[in-house]
Amino acid sequence: MSSTKKLRVSVTTLANFACKAGDLMPMGVAGPTAREGMRAHKAIQKKALERGDEDRLQEFSLKEGNSSSIAPISEPVQTELTLSCTSNIESTDIVLRGRVDIADLTIPRLTEIKTTLVPAEHVPKTQHALQWAQLKLYAYLYLHSDEPNAQLQDKVELELLHANIRADDTKSELETMTRSDATEFAHQALTVYVKWMHRIAAMRGRFSESSQELRFPHLKFRVGQRDMAAAVYRSARDGDALLCEAPTGIGKTISTLFPAAKALGEGEVRQVTYLTAKVAGRLSAMQALNELSEAGLSVSAVQIRAKQATCFCSNGRCERDDTGRCPMTIGFFDRLPAAREELISMGVISDEQLDDIAWNYQLCPFELALQMLPWVHVVVADYNYVFDPLVRLPHYSEPRLDSVLLIDEAHNLLDRSREMFSGQLSRIACLDEAHACRFSHPTVASALERLSKALLAHASALISSETVSDINDSSIARAASKSIEAILSTVGDSPPLPESNSEMFRALCRYVAINELYSEQHRTITHVSSMGKRKEVLVTLYCLDASNVLAKQYKLYKSQVVFSATLRPSLFYRDTLGLPESTPQLKISSPFDSERTLHAVVDWVDTRYRKRASSIGPLTELIKRVSDAKSGNYLVFFPSYAYLELVYSAFTTEYPSVAVWKQSGDQSKDEQKKLLDTLEQPGHRVGFAIVGGVFGEGIDYLGDKLIGVVVVSTGLPGLDAKTQLVSDHYREQGHDGYNFAYRYPGFTRVLQTAGRLIRSETDSGVVILVDDRFRQAFYQQLYPESWRVRYPANLASLAEEVDQFWDRLPSVTGQSSQ
C-alpha cells in the first residue's frame with residue numbers, strides 16, 4: 001500500500017477487528033431490537049441534556065474531512081458527538097472516526113450507552129471488554145486534536161452505561177484514561193489493522209492484475225452466454241438491477257461470476273455475494289470459482305454453510321461442557337488472528353480447508369467463515385444470510401453500496417421470503433418444553449406456561465377453529481418476550497436447558513421479531529384443534545407479500561442480478577421479488593437442439609382431485625408405454641404424496657417386473673443420495689417423485705441418468721387458507737390473484753421439473769405433460785420458445801410419437817456432430 005494512501009476506519013470496525021479477545025458469546029445472547037435500543041438511547045440522552053444548561057445547547061457535528069477531534073465549543077453536554085483523528089501508522093495515514101453517545105465537556109466525560117435484556121453483570125466478558133475497547137478509542141480521539149484552537153486535555157473520564165430495558169434500570173462503570181494510555185492502546189489496535197489492510201490491498205492488487213488478463217474459462221461461449229455475461233457486467237458497473245431468465249444447462253453460474261469478477265477487478269465493485277436456495281447451487285458456484293482460479297484469477301472466496309451442518313459438536317468431533325458451551329467457542333478470538341492469516345492466503349477456500357484450519361486452531365468453523373466475510377472477493381451463501389430478519393448476518397445488515405448480489409434460482413426466493421417474514425407459535429410445543437424443564441429450570445417452565453395461557457386466552461375469543469385477522473395479539477408477543485428473557489437468564493447454568501429448547505427458542509425469537517415487523521402485508525392465522533386431552537393453538541403471523549422488505553434490503557447494495565431458468569412471466573417475478581419497475585428483463589434462448597427433445601401434452605387424462613381415482617389406470621398404462629419405448633431412467637412427478645402412492649401401488653401391482661423407486665416424505669439425505677447413485681448404473685428404472693421436490697430441482701441428470709420425464713398435473717399449490725390469503729392480497733393490489741398465487745408458481749414447478757432432462761448438447765429425451773389444462777392459452781404462452789409441443793389424441797398416438805422420436809434421434813445426433 002502506498003504511503004500516500006489514506007485509510008479510514010470507524011471505532012466500531014477497529015474495535016471488532018483488533019480489540020476482540022476471549023470467547024464467542026453463547027447462543028442466545030442477544031440485545032434488544034433496533035427500535036427498543038433507539039428508544040432507550042434517546043431517553044437517556046434526553047436526561048443528560050436536561051442536566052446541562054439547555055439555553056446553551058445546540059446541534060454539533062464535525063464536517064467530513066476535518067482531521068481534528070474537537071473544535072472549541074462552550075456547550076456543557078453534547079449527544080451524538082462526532083470525533084475524528086488522523087494518525088500515521090506503518091507509514092500510512094489512517095483516519096479514525098466515531099460518534100460518542102454523550103459527551104459532558106465540563107468534566108470532561110465520554111459516555112457510551114449499551115442497551116441489554118439482562119442485568120449488566122450478565123453481559124458476557126467478551127462483549128463487556130469490547131465495549132470498553134470502544135470507549136478507550138473514543139478517549140484517544142478526544143485527547144488528540146490537530147485543531148490549533150482546540151484546548152487539549154491530559155485525561156478524560158469514561159463511562160460505560162448499561163441500560164437493562166426489561167428491568168428499566170441502568171448501571172454505570174467509570175474509568176479515567178490519560179492521553180499516553182489512550183495513545184498506546186489506540187496505536188496498538190491501529191497497527192494491527194493497518195498491517196492487515198496492507199495485506200488485503202496487496203491481495204486486491206493481484207486480483208485486479210489477474211482479472212485484466214482473465215479469459216472465459218471454457219473453450220467458447222455457448223449461445224446466449226455472452227449476452228448474459230455482458231448484461232451482468234453492465235448491471236454491476238452501472239448499479240442497475242437485472243432480471244434474467246436463462247435455460248437450464250446454459251451455464252448460468254459461470255455466466256454471472258465471470259463478468260462480476262471483471263467488474264470487481266476494474267474497481268466497479270469491491271465484493272460479490274452469490275446467493276442460492278440449495279446446497280447444489282452453492283457447490284456449483286464454488287466449482288465455477290475454482291475454474292476461474294485455474295484460469296489465472298487470483299480470487300478469494302468462502303462459502304457460508306448451515307451452522308448445524310458444520311458444527312464439530314453435532315458431527316461428534318467434540319463435546320459440550322456441563323453448561324452447554326462448545327470448546328471451540330472458548331478463547332475463540334484469542335486464536336482467530338493466526339487462523340485468519342492462514343485462510344486469507346488460500347484463495348477459494350474449500351469446505352475441507354476451512355474445517356481443517358478450524359480444527360487445527362480449535363475454532364468454530366461456522367464462526368470462522370463469518371470472520372472472513374469482510375475480506376474475501378466472493379461470498380457464496382444461502383438467501384437467509386442476507387434477507388432473513390432473524391438469521392441475517394451483521395455483514396449484510398449495513399449498507400454495501402460497493403457490492404453486487406447475484407441471486408441464483410430466484411424463483412425460490414418468492415416462497416422463501418414469505419417464510420422468512422412469518423412466525424408461528426404452538427401451545428402444545430410450549431407445554432412440552434415447560435414439562436421438560438420444570439425441575440431443572442422452573443423459571444423457564446413458568447414463563448412458557450404463561451405463554452401457553454396467553455395462546456389459550458387468544459383462542460377462547462374466537463368463534464371458529466380457524467380464523468384470520470389483520471391484527472396481532474400483543475399479549476402473546478409480550479409473553480413470548482418474557483419466555484426469551486427467562487431462557488437467556490439460564491445461559492451458563494449447569495445443567496443447561498434440554499437440547500430441544502433451542503428449537504423453541506428460535507421459534508420464540510422469530511415470533512417476536514416478526515411481531516415487530518408486522519405490517520399490512522401480514523395476517524394473523526389462528527388454528528385451534530384437539531390433540532388427545534389437550535387443546536392445540538397455532539398462531540401464525542403470516543407474510544403475504546415480502547416484496548417491500550426485499551426491496552428495502554436491495555437498497556443496501558449497488559446492484560442485484562436476479563436469475564433462474566424459470567422466471568415466467570418476468571413481470572410477475574419482477575413485482576413479487578421487489579425489483580424496481582425500471583429493471584431490465586433479459587430472456588436467453590436455449591442453446592440446445594430442439595430436435596433432441598420430444599415435448600407432448602396428454603389431455604385425455606383428467607388429473608384434477610375429484611377425478612384422480614379414475615386417472616390411475618390410464619396413468620399406469622401411459623407410464624408403462626412411454627418407458628417401454630427405450631431402456632433407461634424415467635421419472636414421473638406428482639403434485640402430492642397421496643397421488644404418488646396411488647399410482648405407484650397400481651403400477652407395481654400391474655407391472656411387478658419393472659424396476660421402480662419412489663420418493664417419500666421421511667427420506668433422509670443419505671437415502672436420497674443412494675437413490676440418485678443408482679441412476680449412475682446401467683439399467684431400466686421408473687422413479688416416482690414430487691413436483692418441485694428434491695428430485696425435481698437443482699439436480700443435473702446428465703446423459704443417460706435421465707431420458708424421460710412425465711409431469712402429472714399443473715403443479716398448483718394446495719387449496720389452503722394461506723394460499724387463498726395470498727390470492728386475495730394480490731387481487732386487492734390489482735393483479736389476477738388466482739394467477740399470482742396458484743397458476744404462475746405451479747407452472748414454475750412444472751418448468752423446473754421438465755428442465756431436469758436436457759443439461760448439455762448431447763442429452764436427449766421425452767417430456768410428457770399430463771393434464772388437459774396444458775392446452776389452455778394461458779399455459780401455451782408460458783412455454784419456452786424452444787419447445788415444439790405435440791398434442792397426441794390418445795395413447796396410441798402418443799406411443800407412435802415417442803417411438804418415432806427415438807427412431808429418428810440417431811440421424812439428429814449425426815447431424816449435430818457434423
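The values are calculated or read from the model by the stated rules, or taken from the named source; none is laboratory data. Only a predicted model underlies this, so the values are computations on that prediction, with no experimental measurement involved. All Cβ positions, even for glycine, are placed from backbone atoms using ideal geometry, and neighbour counts span all protein chains on display. In case anyone asks, the SASA skips ligands and DNA or RNA and just uses the protein heavy atoms, side chains included. Shrake-Rupley method; radii C 1.70, N 1.55, O 1.52, S 1.80 Å.
A few points about this structure:
- Lone qualifier among Asp470, Asp493 - being touching a Lys or Arg at 6+ places or on another chain (Cβ under 8 Å), in contact (Cβ under 8 Å) with a residue 24 or more places away in the chain, open to solvent by 50 Å² or more (accessible area, probe 1.4 Å) and of a type outside the set (Phe, Trp, Tyr): Asp470
- Of all residues in region 172-226 being within 22 Å of Gln371 (Cβ to Cβ) and of a type in the set (Val, Ile, Thr), the one that is most open to solvent (accessible area, probe 1.4 Å): Val192
- Any chance Lys262 is touching a residue at least 12 places away in the same chain (Cβ under 8 Å), crowded, with 18+ Cβ neighbours inside 10 Å and over 21 Å from Ala410 (Cα atoms): yes
- Only one entry of Asp728, Asp700, Asp704 meets the criterion of being modelled with pLDDT under 95, on the phi < 0 side of the Ramachandran plot, open to solvent by 10 Å² or more (accessible area, probe 1.4 Å) and assigned to a helix (DSSP H, G or I), and that entry is Asp704.
- Within this structure, Val272 passes the test of being modelled with pLDDT of 95 or more, assigned to a strand (DSSP E or B) and within 22 Å of Gln353 (Cβ to Cβ).
- Residues of region 395-428 that turn out to be of a type in the set (S, T, N, Q), closer than 23 Å to His458 by Cα and open to solvent by less than 50 Å² (accessible area, probe 1.4 Å), as a count: 2
- Residue within region 532-549 that is within 21 Å of the chain's Cα centre (by Cα) and surrounded by fewer than 15 Cβ atoms within 10 Å (Cβ to Cβ) present: yes
- Between Thr310, Thr329, Thr323, the distinction of being touching a Phe, Trp or Tyr at 6+ places or on another chain (Cβ under 8 Å), among the hydroxyl-bearing types (Ser, Thr, Tyr) and farther than 22 Å from Ala202 by Cβ belongs to Thr310 only.
- Residue that is least open to solvent (accessible area, probe 1.4 Å) [pool: residues in region 575-598 that are closer than 30 Å to Arg790 by Cβ and polar (S, T, N, Q)]: Thr597
- Test for Ser570: is it small (Gly, Ala, Ser), over 26 Å from Glu697 (Cβ atoms), modelled with pLDDT of 95 or more and open to solvent by 30 Å² or more (accessible area, probe 1.4 Å): no
- Any hit, region 99-118, residues being at pLDDT below 95, among the basic types (Lys, Arg) and either assigned to a loop (DSSP other than H, G, I, E, B) or under 20 Å from Tyr193 (Cα atoms) (or both): yes
- Test for Arg743: is it surrounded by 17 or more Cβ atoms within 10 Å (Cβ to Cβ), in contact with a Phe, Trp or Tyr (Cβ under 9 Å, 6 or more places away or on another chain) and part of a loop (DSSP other than H, G, I, E, B): no
- Qualifying positions in region 283-292 - open to solvent by less than 50 Å² (accessible area, probe 1.4 Å) and modelled with pLDDT of 95 or more: Ala285, Met286, Ala288, Leu289, Leu292
- Among the residues examined, Val710 qualifies as modelled with pLDDT of 95 or more and within 25 Å of Arg775 (Cβ to Cβ).
- Region 566-595, residues that are touching a Leu at 6+ places or on another chain (Cβ under 7 Å), within 30 Å of Ser627 (Cβ to Cβ) and either in a helix (DSSP H, G or I) or not basic (Lys, Arg) (or both): Thr566
- Region 308-330, subset outside any loop (DSSP other than H, G, I, E, B) and modelled with pLDDT of 90 or more, residue farthest from Glu209 (Cα to Cα): Pro327
- Taking the criterion of being aliphatic (A, V, I, L, M) and open to solvent by 40 Å² or more (accessible area, probe 1.4 Å), the residues of region 707-725 that qualify are Leu716, Leu719.
- Residues in region 232-241 that are open to solvent by 10 Å² or more (accessible area, probe 1.4 Å) and closer than 15 Å to Lys262 by Cβ: Tyr233, Arg234, Arg237, Asp238.
- Verdict on Gln287 being out of contact with any strand residue (DSSP E or B) (no Cβ under 7 Å at 6 or more places or on another chain) and either more than 27 Å from His218 (Cβ to Cβ) or in a loop (DSSP other than H, G, I, E, B) (or both): no
- Number of positions in region 599-609 that are open to solvent by 10 Å² or more (accessible area, probe 1.4 Å) and either in contact with a Ser or Thr (Cβ under 7 Å, 6 or more places away or on another chain) or in a strand (DSSP E or B) (or both): 2
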